[in-house]
Amino acid sequence: GSFFYALAIQLKLTPLMLLPFFIRLFSTKKWIKTYILITFFCLVGFLPLILGGQFSNFFKSIQLYFSVFEFNSSVMFVLYQLDPLDVQFYKISYYSPILSFFSLVIILVLALVKKLDVTTLFQKLTISYLVYLLLSTTVHPWYIIPLLGLSILTNYWFAILWTFLIMLSYSFYGANDTATSNWNLLPEYFFVLLVAYIDISLPKWKSNIMQKFEILK
């Protein structure tokens, strides 16, 4: 399992953010062993980059990604427009580390505060991915594939809804005015957050609504 998890990290770094959940899920001995094995396999996988002297370029590309690029963002878009800290220039490079920090803190709280069982594990993993995407500067449509996969193992619907609404992000390519195309994304995040709130905070209300629909059938 550690080998395949290391492969997943090398393909896409985002599985790293789910590692804290192992601490509460496994015994101390097991999660330490798992961490060591994942680290070893990751080092082996990155060995060609290290030996080829390209590892610094790898980190530069990550830094560039988080400090320059912005697409289909939610919180970042709001900060960019309001600029509460009056940054004015290079807003993405300034606000992105702050958002990453809050994302890390929220995920650590989700992972470490309470004990996990199978049900709560997948729910918290899904919420963690949601938090990560909401606080990201770039959210391409294919970024929500892991979120969708995790949500299938829960009773959450917002990820399925997002797979349809995220197509609104392509309005960026068809609009002459970038600002206008960004504001077109408001329906996407409004309905995703609304359904996410119902899924996470009002499960009994959602269950009652579903039962009423069953009765109508």
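The values are calculated or read from the model by the stated rules, or taken from the named source; none is laboratory data. Computed from a predicted model, the values in this text were never measured in an experiment. Here the Cβ positions follow ideal geometry from the backbone for every residue, glycine too, while neighbour counts run over all protein chains shown.
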Would you confirm, using the coordinates I've provided, whether Ile38 is touching a residue at least 12 places away in the same chain (Cβ under 8 Å), out of contact with any strand residue (DSSP E or B) (no Cβ under 6 Å at 6 or more places or on another chain) and either among the hydrophobic types (A, V, I, L, M, F, W, C) or part of a loop (DSSP other than H, G, I, E, B) (or both)? yes
Residues that are over 14 Å from Ser74 (Cβ atoms), more than 22 Å from the chain's Cα centre (by Cα) and either at pLDDT below 70 or surrounded by fewer than 18 Cβ atoms within 10 Å (Cβ to Cβ) (or both): does the stretch 181-194 have at least one? yes
Selected residue (only one of Leu79, Leu135 is aliphatic (A, V, I, L, M), buried (at least 17 other Cβ atoms within 10 Å of the Cβ), out of contact with any strand residue (DSSP E or B) (no Cβ under 8 Å at 6 or more places or on another chain) and closer than 30 Å to Asn155 by Cα): Leu135
Checked the stretch 1-14 for anything surrounded by 13 or more Cβ atoms within 10 Å (Cβ to Cβ) and free of Cβ contacts under 8 Å to residues at least 24 places away in the same chain; matches are Ala8
Residues Phe46, Phe55, Phe26, Phe21: which one is more than 29 Å from Lys114 (Cα to Cα) and either at pLDDT 85 or above or under 24 Å from the mean Cα position of the chain (by Cα) (or both)? Phe46
Among what's in the stretch 107-131 and is assigned to a loop (DSSP other than H, G, I, E, B) and not basic (Lys, Arg), pick the residue that is surrounded by the most Cβ atoms within 10 Å (Cβ to Cβ). Leu116
Would you confirm whether any residue within the stretch 146-163 is without any contact (Cβ under 8 Å) to a residue 12 or more places away in the chain, exposed (fewer than 12 other Cβ atoms within 10 Å of the Cβ), assigned to a helix (DSSP H, G or I) and not basic (Lys, Arg)? no
The stretch 41-89, residues that are among the hydroxyl-bearing types (Ser, Thr, Tyr) and either assigned to a loop (DSSP other than H, G, I, E, B) or in contact (Cβ under 8 Å) with a residue 12 or more places away in the chain (or both): Tyr65, Ser67, Ser73, Ser74, Tyr80
Would you be able to say whether some residue in the stretch 51-63 is of a type in the set (A, V, I, L, M), within 30 Å of Met167 (Cβ to Cβ) and either out of contact with any Cys (no Cβ under 6 Å at 6 or more places or on another chain) or exposed (fewer than 14 other Cβ atoms within 10 Å of the Cβ) (or both)? yes
